[in-house]
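Inspection log for the structure reproduced underneath, given as structure tokens.
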Amino acid sequence: MKIIMFSAREEECIMSNEWGKKHGIEIKNVSEPLTMENINLVKGYDGLCLCQIKKIGKKIYKELNAIGITQISSRTAGVDMFDIFEATKHGLTITNVPVYSPNAIAEYAVAASLNITRHVMKIAEAMKRQDYRWTKDILSKEIRSMTVGIVGTGRIGCIAARIFKAFGAKVIGFDLYPNDKAKDCIEYVDTLDELAKQADLISLHMPATKDNFHLFDKTMFDKMKDGVFLVNTARGTIVDTKALIEALDSGKVAAAALDTYENEGDYYTYDFSGKKVSDEILKELTTRNDVLITPHTAFYTEEAVKALVEGGLDGVYDVIENGVSENKVS
């Protein structure tokens, strides 16, 4: 068996080669993402392992089928970058890695929450100006005095809730499918509107779906408390970014931490040093001192990356060798 792995970073190459030696399988690592321009590299390989940020075009599914590929294994939990219908149409089984390290993202969400509630960006900016004053705009709130709203209470949301509760916060949650394992640390509310009205800080931990596209729009922001804090380590499309900026400008949202951005596909994971960024919204987000924005790195720990690489390659092996995988999403 021969497997080709796209979007392979330096640390992933080391891990994938170790996995290959252990299983007696040849691994080819390619640093670029899969595109129609480099799809010919797939020829001669039995399996495909991807980590796509940007959606892949419909032509790719047809071409992979023509090459003889029967599966796509994604080194991610989310699969919104794939067209499941097109994949199935062309005989491609898609697998993911649903569990790798929920702690990584949960810890990051809490760390980001501490940064924005303590106004670290504003303080750091003032320090660079040699302005060492204590001013009202950096007067902070303690997490223990807040009601924290968790939207999406699966593995990640549940761990984040436990950490927030350990700080002494009141933690409320909303999920279409409440998690029985989270009921000891989360007080469930019946509607998202109810959570929005009560929470001082809202942390998002839900997958992207057609139904929740721009779920957090102007209407939703208007329902929130004045001066609310928003943390998104889930998916960028859940938040209407223009509406968020308006809410920040008006003071409805005091500050936001965004590890995901709805138009990140053209930029995240690439080096744009010295290059023009044409996305005006992204440029504004990176220059505001009330926004902590990072390039989808909440998951990026040694433990998580190892689990994603091994889980992704396991997915390839399972489908090719056994014809099935417990992590099939298509």
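A cut-off of 5 Å between modelled amide H atoms, ignoring neighbours fewer than 5 places along the same chain, links residue 94 with 72, 329, 330.
If you sort the three axes of the alpha carbon gyration tensor as a ≥ b ≥ c, you get a/c of 1.5 or more for region 112-215 and a/b above b/c, which makes it prolate.
Once the gyration tensor of the Cα atoms in the chain is diagonalised, the equivalent ellipsoid follows with semi-axes of 38, 22, 18 Å, ordered largest first. Distant-in-sequence amide contacts of residue 255, defined by a placed amide H-H separation under 5 Å and a gap of 5 or more residues or a different chain, comprise 230. Once you order the gyration tensor axes a ≥ b ≥ c over the Cα atoms, which shape class does region 162-204 get: rounded for a/c under 1.5, otherwise prolate or oblate by comparing a/b with b/c? Because a/c hits 1.5 or more and a/b fails to exceed b/c, region 162-204 counts as oblate.
Kindly identify region 1-63 as rounded, prolate or oblate by the Cα gyration tensor criterion: order the square roots of the eigenvalues as a ≥ b ≥ c, call it rounded if a/c is under 1.5, otherwise compare a/b with b/c, prolate if a/b is larger, else oblate. It is oblate, given that a/c is not under 1.5 and a/b is not larger than b/c. Charge tally around residue 200: other residues with Cβ under 10 Å, Lys/Arg +1 each, Asp/Glu -1 each, net +3.
Counting every other Cβ atom within 10 Å of each residue's Cβ, 19, 134 order from fewest to most as 134, 19. Between region 1-27 and region 268-305, the C-alpha centres lie 27 angstrom from each other.
Summarising the amide proton neighbourhood of residue 26: residues at separation of 5 or more, or on other chains, whose placed amide H is nearer than 5 Å comprise 3. Here region 201-222 is scanned for amide nitrogen atoms under 13 Å from the site 7 Å beyond the Cα of residue 250 along Cα-to-Cβ, giving 217-222.
Can you tell me, using C-alpha contacts under 8 Å and at least 6 residues apart, the relative contact order of region 148-274 as a whole percent?
Values: 225 pairs, mean separation 27.4, N = 127.
About 22 percent, as a whole number.
From the helices alone, meaning DSSP H stretches of at least four residues, give me the mean residue ellipticity at 222 nm for the chain, per-run term -39500 (n - 2.57), in deg cm²/dmol to the nearest 500.
Numbers: 11 runs with 120 residues, N = 330.
Helix-only estimate at 222 nm: -11000 deg cm²/dmol.
Computed extension gain for residue 197 through residue 213, at 0.36 nm per residue and net of the alpha carbon distance, reaches 3.7 nm.
So, counting K/R as plus one and D/E as minus one, what does the shell of residues with Cβ under 15 Å around residue 3 add up to? Please list the in-between numbers first.
Values: positive: 2, 21, 22, 28, 43, 75; negative: 12, 18, 26, 46, 310, 314, 318, 321.
Neighbour charge sum, excluding residue 3 itself: -2.
Around residue 267, with a cut-off of 13 angstrom between Cβ atoms, what is the net charge of the other residues, counting Lys and Arg +1 and Asp and Glu -1?
On the way: positive: 54, 275, 276, 283; negative: 262, 264, 266, 271, 279, 280.
Residues close to residue 267 contribute a combined charge of -2.
Every number in this text was worked out from the coordinates using simple rules, so none of it is lab data. These figures come from a predicted structure and were not determined experimentally. A quick note on method: Cβ atoms are made from the backbone with ideal geometry, for glycine too, and the neighbour counts reach across all protein chains shown.
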